[in-house]
Amino acid sequence: MDLTTMLQWLLEDGLPNTLLLTVVTLIVGFIIGFPVALLRAYGNLPLRILATYYERIIRSIPPLVLILIFYFSLPKIGISFPPFEAASFALGIHSSAYQSQIFRGAIESIPRGQMLAARSIGMSKIKAIRYVILPQALRLAIPSWSNEVAVVTKQTSFAFTVGVVELMRVAENIRIVSLQPLPAFLLCAMIYFVTILALTRGLGYIGNKLKIPGLGGGA
């Protein structure tokens, strides 16, 4: 098998699923992680404690272990997921703990005076958070969030352990068929490098465009 054929297999059969898995993972992580960040920043004491322990527990579990739990262990109690869903949900939950830290840090970096100013003109706390704090916090979070995008993209390689056909699975198939492990995995590594570079550069550009004067937010 020549290098052109290997590259074609990786780009056509592996990269689309890797990108899809990355997107789904980030969405799941955001849906869970953003509310957790709000609880850490604005919740009452019991909710802050609950959110804190959620972060600590999830961050202490390796993403591969979570994938194996979702795919192999949950069916034992009657909860089954196909391989792609098991991997994306597991990676999404893992990402949510890190995304919650990213967004909490961005929220807490907004000067306290802005909340006081919003309340002084008659805004409720919820409206002040929604219209004053969060629009700025989301922009400030972009540089750190771009790092999470890079991490999640690499972690999608764990999905091959449960049969998801992504870059690593295709590279392994090429190794088996061609008996050429070095070019198969070097091409796989090159595609990861280019993909992550493009994603982080793109988010860096967006972050710089949305940079808030005096608060940062560029990458």
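Throughout, read-outs are computed from the coordinates displayed, never taken from laboratory work. Note that this is a predicted model, so its numbers are computed, not measured. Please note: Cβ atoms are built from the backbone with ideal geometry, for glycine as well, and neighbour counts cover all protein chains shown.
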- [ ] Given the options G105, G122, G202, state which has the largest fluctuation in a GNM of the chain using a 10 Å cut-off (strictly under) for Cα springs.
- [x] G122
Task: HN-Hα J in Hz across region 41-48 - Karplus 6.51, -1.76, 1.60, θ = phi - 60°, x for Gly and Pro - done: 8, 10, x, 6, 4, x, 5, 5
Task: Loop-located GluC sites (Glu not before Pro) in region 53-155, at most 13 other Cβ atoms within 10 Å (DSSP) - done: none
Open item on the list: Pick from A159, A198, A106 the residue whose mean-square fluctuation is largest in a GNM of the chain, springs joining Cα atoms under 10 Å.
Closed with: A198
Task: Highest-MSF residue in the chain out of Q114, Q136, Q99 [GNM, Cα springs under 10 Å] - done: Q114
- [ ] Starting at the first residue of region 94-108, write each ³J(HN,Hα) from the Karplus equation 6.51 cos²θ - 1.76 cosθ + 1.60 with θ = phi - 60°, in whole Hz, x for Gly and Pro.
- [x] 4, 5, 4, 5, 6, 5, 4, 5, 4, 6, 5, x, 5, 4, 6
Task: Fully extended contour minus Cα-Cα distance, from M190 to I121, at 0.36 nm per residue - done: 19.4 nm
Open item on the list: Contact order normalised by length for the chain, with contacts defined as Cα pairs under 8 Å and 6 or more residues apart; what percent is it?
Closed with: 27 percent
Open item on the list: Give the separation of the Cα centroids, region 141-183 to region 81-95, in Å.
Closed with: 14 Å
TODO: Please label the shape of the chain as rounded, prolate or oblate, based on the square roots a ≥ b ≥ c of the eigenvalues of the alpha-carbon gyration tensor (a/c under 1.5 means rounded; beyond that, a/b larger than b/c means prolate, else oblate).
DONE: oblate
